[in-house]
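Okay, so here's the structure we're looking at.
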Amino acid sequence: AQSVTQLGSHVSVSEGALVLLRCNYSSSVPPYLFWYVQYPNQGLQLLLKYTTGATLVKGINGFEAEFKKSETSFHLTKPSAHMSDAAEYFCAVILNSGGYQKVTFGTGTKLQVIP
Amino acid sequence: KAGVTQTPRYLIKTRGQQVTLSCSPISGHRSVSWYQQTPGQGLQFLFEYFSETQRNKGNFPGRFSGRQFSNSRSEMNVSTLELGDSALYLCASSPRRQGAGTGELFFGEGSRLTVL
């Protein structure tokens, strides 16, 4: 079945440390890939997206992600974590489901930033 | 440009009641999708409406229904509420159908439903 998998439901990093949130997808065709962020009591906000072209995508708030077709991965990184990065992050991919194209979300990763 | 607006933001109902949630998409957006978010299940797709027609539906019972009006505003209704329906209900709009174009979704802040 086509899907998107986020490894680790909770990730803790120290302030200033590297942030790495993992996402793997399963798709038989080149996918469109997204990362969204959700702050407490808010909706989701797009961080970045990969459609075509350059495989390293830069987003808002210093985040970036690299599309690796050979590894079917789209991991999210940030060189230095800030307290304001504490939130839940969702990887998403457009998949074909029952003949319809649909945005499918991973289960989310809660990022905790330790001072 | 105004964002996606969901009302009400918070509501409390009792088992057996019904609830209607409203979503006003970004101006010019014709697709409205609804999601249920719970701590245990994550984001679950409910349905998508485009040009007043339901285009896609998730795996939810018939108690969950929706509609879209000619101005693209959408409502979802849950009848005969159960305790397990307690969740954050998120609405997302996009200019085109899900999967078309670049696929980006624009989310509202959600309606938090508590069923007692």
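So here's what we get for this one:
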| item | result |
| --- | --- |
| Complete set of residues in the range B:63-92 that are within 14 Å of another protein chain (Cβ to nearest Cβ) and polar (S, T, N, Q) | none |
| Selection within the range A:49-77 - touching an Asp or Glu at 6+ places or on another chain (Cβ under 7 Å) and in a strand (DSSP E or B) | A:Lys49, A:Leu56, A:Val57, A:Lys58, A:His75, A:Thr77 |
| A:Ser27 vs. criteria within 14 Å of chain B (Cβ to nearest Cβ), among the polar types (S, T, N, Q) and over 14 Å from the mean Cα position of the chain (by Cα) | yes |
| Condition check for A:Ser14: in contact (Cβ under 8 Å) with a residue 60 or more places away in the chain, surrounded by fewer than 17 Cβ atoms within 10 Å (Cβ to Cβ) and either farther than 19 Å from B:Gly103 by Cα or away from every other protein chain (no Cβ under 13 Å) (or both) | yes |
| In the range A:1-22, the residues that are aliphatic (A, V, I, L, M), part of a strand (DSSP E or B) and modelled with pLDDT of 95 or more | A:Val11, A:Val13, A:Val19, A:Leu20, A:Leu21 |
| Pairs, first outside any strand (DSSP E or B) in the range B:52-78, second basic (Lys, Arg), C-beta under 6 Å, six or more apart | B:Ser72/B:Arg30 |
| Of all residues making up the range B:10-58, the number that are of a type in the set (Lys, Arg) and surrounded by fewer than 14 Cβ atoms within 10 Å (Cβ to Cβ) | 1 |
| Residue in the range A:23-48 that is farthest from A:His82 (Cα to Cα), counting only those that are touching a Leu at 6+ places or on another chain (Cβ under 7 Å) and assigned to a loop (DSSP other than H, G, I, E, B) | A:Ser27 |
| Qualifying residue in the range B:11-24 (condition: modelled with pLDDT under 95 and not acidic (Asp, Glu)) | no |
| Residue that is surrounded by the most Cβ atoms within 10 Å (Cβ to Cβ) [pool: residues in the range A:41-63 that are farther than 18 Å from A:Ile94 by Cα and within 11 Å of chain B (Cβ to nearest Cβ)] | A:Gly43 |
| Filter result for A:Glu71 (touching a Pro at 6+ places or on another chain (Cβ under 9 Å) and not hydrophobic (A, V, I, L, M, F, W, C)) | no |
| Residue pairs meeting the criteria (Cβ under 6 Å; at least 6 apart or on separate chains; first over 24 Å from B:Leu81 (Cα atoms) and within 7 Å of chain A (Cβ to nearest Cβ), in the range B:93-116; second surrounded by fewer than 18 Cβ atoms within 10 Å (Cβ to Cβ) and modelled with pLDDT of 90 or more) | B:Glu104/A:Leu46 |
| Number of the condition not met by A:Tyr89 [criteria: (1) within 22 Å of A:Glu15 (Cα to Cα); (2) surrounded by fewer than 20 Cβ atoms within 10 Å (Cβ to Cβ)] | (2) |
| Only listed residue being buried (at least 16 other Cβ atoms within 10 Å of the Cβ), in a strand (DSSP E or B) and modelled with pLDDT under 95, chosen from A:Val113, A:Val103 | A:Val103 |
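Residue-by-condition table, conditions (1) touching a Gly at 6+ places or on another chain (Cβ under 9 Å); (2) surrounded by fewer than 19 Cβ atoms within 10 Å (Cβ to Cβ); (3) not polar (S, T, N, Q):
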position: B:Ser72; (1), (2), (3): yes, no, no
position: B:Glu82; (1), (2), (3): yes, yes, yes
position: B:Ala100; (1), (2), (3): no, yes, yes
position: B:Leu105; (1), (2), (3): no, no, yes
position: B:Gly108; (1), (2), (3): yes, no, yes
position: B:Arg112; (1), (2), (3): no, yes, yes
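The values are calculated or read from the model by the stated rules, or taken from the named source; none is laboratory data. These numbers were taken from a predicted model, which means no experiment stands behind them. Heads up, the Cβs are rebuilt from the backbone with ideal geometry, glycines too, and the neighbour counts pull from every protein chain shown.
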